[in-house]
1. Can you tell me which condition His164 does not meet? The list is (1) in contact with a helix residue (DSSP H, G or I) (Cβ under 9 Å, 6 or more places away or on another chain); (2) in contact (Cβ under 8 Å) with a residue 60 or more places away in the chain, and all the others hold.
2. Go over the candidates Ile26, Ile19, Ile52 one by one and state the one that is over 25 Å from Gly190 (Cβ atoms) and either within 13 Å of the ligand (Cβ to nearest atom) or aliphatic (A, V, I, L, M) (or both).
3. Is one or more of the residues making up the stretch 110-131 outside the structural domain of Met238 (by TED's automatic domain parsing), surrounded by fewer than 18 Cβ atoms within 10 Å (Cβ to Cβ) and of a type in the set (Lys, Arg)?
4. Looking at (1) touching a Lys or Arg at 6+ places or on another chain (Cβ under 7 Å); (2) within 11 Å of the ligand (Cβ to nearest atom); (3) β-branched (Val, Ile, Thr), find the lone condition where Thr183 falls short.
5. Inside the stretch 65-89, can you point out the residues that are buried (at least 19 other Cβ atoms within 10 Å of the Cβ) and either within 16 Å of the ligand (Cβ to nearest atom) or outside the structural domain of Gly31 (by TED's automatic domain parsing) (or both)?
6. Of the conditions (1) within 14 Å of the ligand (Cβ to nearest atom); (2) surrounded by 20 or more Cβ atoms within 10 Å (Cβ to Cβ); (3) closer than 21 Å to Ala239 by Cβ; (4) not hydrophobic (A, V, I, L, M, F, W, C), Lys156 clears all except one; give me its number.
Amino acid sequence: MERILAGQAALVTGSTSGIGLGIAKIYAEAGARVMLNGFGRPEEIAAARAEIGALMGMAEAPYSATDMSKPEEVRGMVAEAEKAFGKLDILVNNAGIQFVSPVQDFPAAKWDAIIAINLSSNFHAIAAALPGMLERKHGRILNVASAHGLVASPYKTAYVAAKHGVVGLTKSVALEIAQSPVTCNAICPGFVRTPLAEAQVKPLAEKFGVSEEAALKDHLLEKQPSKRWIEVEEVARMALYLVGPGSGGVNGSALSIDGGWLAA
Ligand code: NAD
């Protein structure tokens, strides 16, 4: 791969799994130094650090165990990345969780956790990272929203509210920095083949008494006209374009990668 991010420093939240790990990988392949973050079993985290580290010519990639639901920790992680790299060029707000329930039964603690992790953490990380980016006259902020940042589905109130919030936050920040060399954009994926989305297949199969294959096509991917998963690498490639050279004119956008979902 062409090393279009050589010399750049990136922080990707929620990068021990799924989309975040895919983005961290493609950035490291493109020559960036990347700090990882996220939860997981110790051996999973060690494997992610070793995999990304190898691409960076290091034994292991830098890693922060920050809990994205904790505002002070989030701001501290940005400072830690700036200290480790001497700067921060790229911030990807990707960490996220999901919970599905009718609104009247939705546990308040789950609502609070989803708003904190999927939305408020983006605010805190951006607020902490932006001053340095503006000062250094270089920066790319990328928020991983969702198709659910643009349209709704039932039973996902907290997630849909948080992701709509991420799109709004993205636009507002983009306007504030529109005349600077820094950009802020959102990616809005449909269903991507990751543990977060795959975990939704089995309960649907049980609910409708059908095979997992049928649950995937007829229920989970009901709104995704392509009727196939988006692959992590496809999202990573969009994330690479948005932080790479030539993307400076894209600001405040919420870019869909959803197999046609939003076209319907
Ligand atoms: P995933 O479960 O594979 O990965 C989520 C990552 O976030 C993991 O690294 C996890 O450890 C981390 N994380 C969760 N809570 C955290 C916390 N409190 N502190 C720190 N890290 C935390 O899921 P994914 O599908 O790769 O999701 C990544 C992002 O993409 C999320 O924001 C999700 O909403 C979004 N998204 C996913 C899909 C999809 O279909 N998979 C579609 C649209 C948007």
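The values are calculated or read from the model by the stated rules, or taken from the named source; none is laboratory data. These numbers were taken from a predicted model, which means no experiment stands behind them. Virtual Cβ from ideal backbone geometry, glycine too; neighbours counted across all protein chains shown.
1. Going through the list (1) in contact with a helix residue (DSSP H, G or I) (Cβ under 9 Å, 6 or more places away or on another chain); (2) in contact (Cβ under 8 Å) with a residue 60 or more places away in the chain, His164 breaks only (2).
2. Ile52
3. No, that holds for no residue.
4. Status for Thr183: all satisfied but (2).
5. Once the filter is applied, which keeps residues that are buried (at least 19 other Cβ atoms within 10 Å of the Cβ) and either within 16 Å of the ligand (Cβ to nearest atom) or outside the structural domain of Gly31 (by TED's automatic domain parsing) (or both), the stretch 65-89 yields Thr66, Met68, Val74, Met77, Val78, Ala81.
6. Condition not satisfied by Lys156: (3).
To keep it simple, each residue is scored yes or no on (1) near the ligand (Cβ under 9 Å from one of its atoms); (2) basic (Lys, Arg); (3) surrounded by fewer than 20 Cβ atoms within 10 Å (Cβ to Cβ).
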{"position": "Lys171", "(1), (2), (3)": "no, yes, yes"}
{"position": "Gly190", "(1), (2), (3)": "yes, no, no"}
{"position": "Leu196", "(1), (2), (3)": "yes, no, yes"}
{"position": "Lys217", "(1), (2), (3)": "no, yes, yes"}
{"position": "Leu221", "(1), (2), (3)": "no, no, no"}
{"position": "Pro225", "(1), (2), (3)": "no, no, yes"}
{"position": "Arg228", "(1), (2), (3)": "no, yes, yes"}
